[in-house]
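Below is one structure, written out as structure tokens, with a few remarks after it.
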Amino acid sequence: MAVGQSWAGRGTGAAVLAIVVAQWFGTSLWFSPSGAVDGLSAWLGSTPAQFGWLIAATQIGFIAGTLLSAATGIADRFPPERIFIVSSLVGAALNFVWTLGPSDLVLVWISRFAVGMSLAGIYPMGMKMIVKRAQAKSAQALAWLVAMLTLGTAMPQFLSAAGAALPWQSIMWGSSALAVLGAGLIAVISQRGTAISGREEKPADATAPPDVIESQPAVTEDPALRRLFRDRMFRAAVFGYVGHMWELYAFWAVVPTLVITALTHPGSPTALATTSFFVIASGVLGCVAGGIISRRTGSAKVAATALAGSGLMCLIYPLLPEVGPLLIAALALWGLLVIADSPQFSDLAARHAPAELTGTGLTVMNSLGFAVSVISIVILQSLIAAIGVSAVWLLLPGPVLGLIAMRPLLIRRRAPRTDPDE
């Protein structure tokens, strides 16, 4: 089934398709240094630990950007299309400009931090645009969106494989060019009127399904964050997501290392980059399949199943026999499961946030999740160099605690029905 076919109206379907492709292009900025790790490390003269902090700079910048957005309410004050376009263009410029300057690790770290801040206007705003359009089918639409985030994360590895003979800067330039294209796509759907612009804003409660609208409290003068976290189900979705994020980005960050370890003879850098690309990109299938299944089972069950599955892979991977094809297959399965729950957590958070605070709620959730990812990335990068593959057990507490946190979302459907006509 093609993206957009399941949503009513050709205009809405085209807009959803444009958004998910723009998300793919825009988020290619995220891990662009990972695709150029050898050349970039040599240019900077950085150690593996220093390079790990360079990856973490983007995460820290994203956290700062989401915190700023949540504190100021920017995510709900301006049209998400406008924020997405500006953020994509700024991020593309920041990702490009430092490659033309001198070799300076501090300067590059600052630039990557700023790229992370710009991504705070890309990823959450993509989710908000999807929720506003897909409405009752937002779980499936968000699955496509996060699938494109996954593909965007894998793109630097693809660019590395495709341009092996080119200088490392070409990977950074390619990512920036994709982000500009993403901004252009959103600009086109906005100009054609298929996007929801500021002058065509729907009622605040139009972003939530009817059953959620009825249960939402009236607008009060309470601060936004207090209103959001007062809801038990919103808290369960957010903290389930936080457990998921402890595992996700740290796993993605060490995929090339795990691939090298899995293959006794990893071959050329092109083969390594191609294998790493497919391990990360396998998450696209997980996201899409999870979105389809969620229409029958609900988002909470899909999220819990994927979270439990990725936790199980985390537990057993270091125990597998050292057989290259088996280890690569296990990594691909892990890559499929580790991201499949992400769109479902986003859908759950959007459904249980007050409708007028959807953007802020999603931004706060992202901020908390990415905050813990910085810690796991830095620690795992150091441990895996010191003790090897068994270091991935560090990630196991994330899925375990995430499953415990999201328990209210799983047991709430067991409540007896009270319809007097039944």
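The values are calculated or read from the model by the stated rules, or taken from the named source; none is laboratory data. All values derive from a computational prediction rather than experimental measurement. Neighbour counts run over all protein chains shown; Cβ positions are idealised from the backbone, glycine included. Accessible surface areas use protein heavy atoms only, side chains included; no ligands, DNA or RNA. Shrake-Rupley method; radii C 1.70, N 1.55, O 1.52, S 1.80 Å.
Which listed residue (Val302, Val389, Gly369) has the Cα farthest towards the positive end of the charge dipole for the range 294-422, taking +1 on Lys and Arg C-beta and -1 on Asp and Glu C-beta about the Cα centre? The residue sitting most towards the positive pole is Val302.
Shown in residue order for the range 31-36 are the 3J(HN,Hα) couplings computed by the Karplus curve 6.51 cos²θ - 1.76 cosθ + 1.60 at θ = phi - 60°: 10, 4, x, 5, x, 10 Hz (x for Gly and Pro).
Packing, taken as the mean count of other beta carbons within 10 Å per residue, orders the peptides 28-38, 181-191, 382-392 from highest to lowest as 28-38, 181-191, 382-392. Ranked by the mean number of other Cβ atoms within 10 Å per residue, highest first, peptides 235-241, 126-132 order as 126-132, 235-241.
On a per residue basis, the range 284-382 carries 32 Å² of accessible surface, using protein heavy atoms and a 1.4 Å probe.
Segment Ala49..Leu285, full-extension length gain: 81.8 nm, with 0.36 nm per residue of separation and the alpha-carbon distance subtracted.
Place +1 on the Cβ of every Lys and Arg and -1 on the Cβ of every Asp and Glu in the range 228-340, take the dipole about the Cα centre, and give the residue among Gly335, Leu228, Gly324 whose Cα lies farthest towards its positive end. Working it through, the farthest residue towards the positive pole turns out to be Leu228.
Taking every alpha-carbon pair within the range 333-372, the share separated by more than 17 Å comes to 36 percent.
Hydrodynamic analysis of the range 291-338 uses the Kirkwood radius over alpha carbon pairs. Inserted into Stokes-Einstein at 10 °C and 1.306 mPa s, it gives a translational diffusion coefficient of 136 µm²/s. Eigenvalues of the alpha-carbon gyration tensor of the range 289-385, scaled by 5 and square-rooted, set the equivalent ellipsoid semi-axes at 30, 19, 8 angstrom, largest first.
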